[in-house]
Amino acid sequence: MRESGVTLIECLVTLAILAVLVGLAAPSLSDQLNAARALTGAHQIYTAAQYARSMAQTLEETVTLCPLSREADASSLCGGDFSGSIAAYHGAADHPEILRVWAPPGGIVVRNRSGSDHVTGEIQWRADGTGLRNLTLSVCAGEHNWAVFINRLGRPRLSKDGGMCRDTKTI
């Protein structure tokens with residue numbers, strides 16, 4: 001009489017097939033994660049811009065959105081680039097009243113439209129919600145890119161592949 005069960009050979013063949021399938025799926029999964037990171041990072045910056053514009057209109061005064069300084073002993077609130085934490089504040093730069101802070105989404109790099117440099121500096125909205133300049137923040141994760149465009153009217157919008165991701169090493 002034969003006993004039921006799985007032989008060692010059958011088990012090894014099953015594991016080998018499973019290993020091949022996992023090896024084929026891993027690059028696809030990594031690509032999907034990068035796509036999700038780029039979209040999430042762009043949505044966060046878009047939301048922060050919408051919030052800052054809305055608060056400028058609500059408070060009827062200038063509101064500034066800026067990347068927070070990474071220095072622990074920084075004398076200024078703003079510094080660094082938009083790949084890190086960002087904050088919305090109003091009032092004088094030397095005594096700002098922080099309205100809200102957004103933690104950095106992991107695995108993204110924020111560059112200018114051409115992909116040649118990190119985006120630094122401040123973005124301001126006047127009391128009527130208009131902006132002071134046109135700006136493109138290109139959010140990159142791997143080869144995936146979403147851009148946040150902010151026009152002189154202060155209106156932000158999202159666009160897929162709206163910038164370039166050159167030599168992006170995700171953090």
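Observations
- Look at the alpha carbon pairs under 8 Å that are at least 6 residues apart: their mean separation over the length of the stretch 45-124 gives a relative contact order of 29 percent.
- Residue of Thr40, Thr136, Thr58 that the Gaussian network model of the chain assigns the largest fluctuation, springs spanning Cα pairs under 10 Å: Thr58
- Of Leu99, Leu137, Leu15, the residue with the greatest mean-square motion in the GNM of the chain, using alpha carbon springs below 10 Å, is Leu15.
- Helix axis angle, 8-59 relative to the chain longest principal axis, alpha carbon, degrees: 10
- The stretch 72-120 and the stretch 24-51 have Cα centres spaced 19 Å apart.
- Shape category assigned to the stretch 46-100 from the gyration tensor of Cα positions, a/c cut at 1.5: oblate
- Accessible area of the stretch 1-102 belonging to carbon and sulfur atoms, whole % at 1.4 Å probe: 59
- Glu97 accessible area, 1.4 Å probe, all protein chains in place, Å² to nearest 10: 100
- D by Stokes-Einstein for the stretch 1-80, Kirkwood Rh over Cα pairs, 4 °C, 1.567 mPa s: 71 µm²/s.
- Helices in the chain, meaning DSSP H runs of at least 4 residues, each add -39500 (n - 2.57). Divided by all residues, the mean residue ellipticity at 222 nm is -11500 deg cm²/dmol.
- Whole-number percent relative contact order across the chain, with pairs defined as alpha carbons under 8 Å at least 6 apart: 22
- Percentage relative contact order, the stretch 9-95, counting C-alpha pairs under 8 Å, at least six apart: 20
- Globularity index of the chain is 1.46 (Cα radius of gyration / 2.2 N^0.38 Å, N = number of residues).
- Just checking the listed ones, Asp94, Asp117, Asp81: in the Gaussian network model of the chain with Cα springs under 10 Å, the one fluctuating most is Asp94.
- Think of a 1.4 Å ball rolled over the protein heavy atoms: the stretch 113-171 then has 54 Å² of accessible area per residue.
The values are calculated or read from the model by the stated rules, or taken from the named source; none is laboratory data. Just so we're clear, the structure is a prediction, and the values are computed from it rather than from any experiment. What goes into the accessible areas is simple: the full protein's heavy atoms, side chains included, and nothing from ligands, DNA or RNA. Shrake-Rupley method; radii C 1.70, N 1.55, O 1.52, S 1.80 Å.
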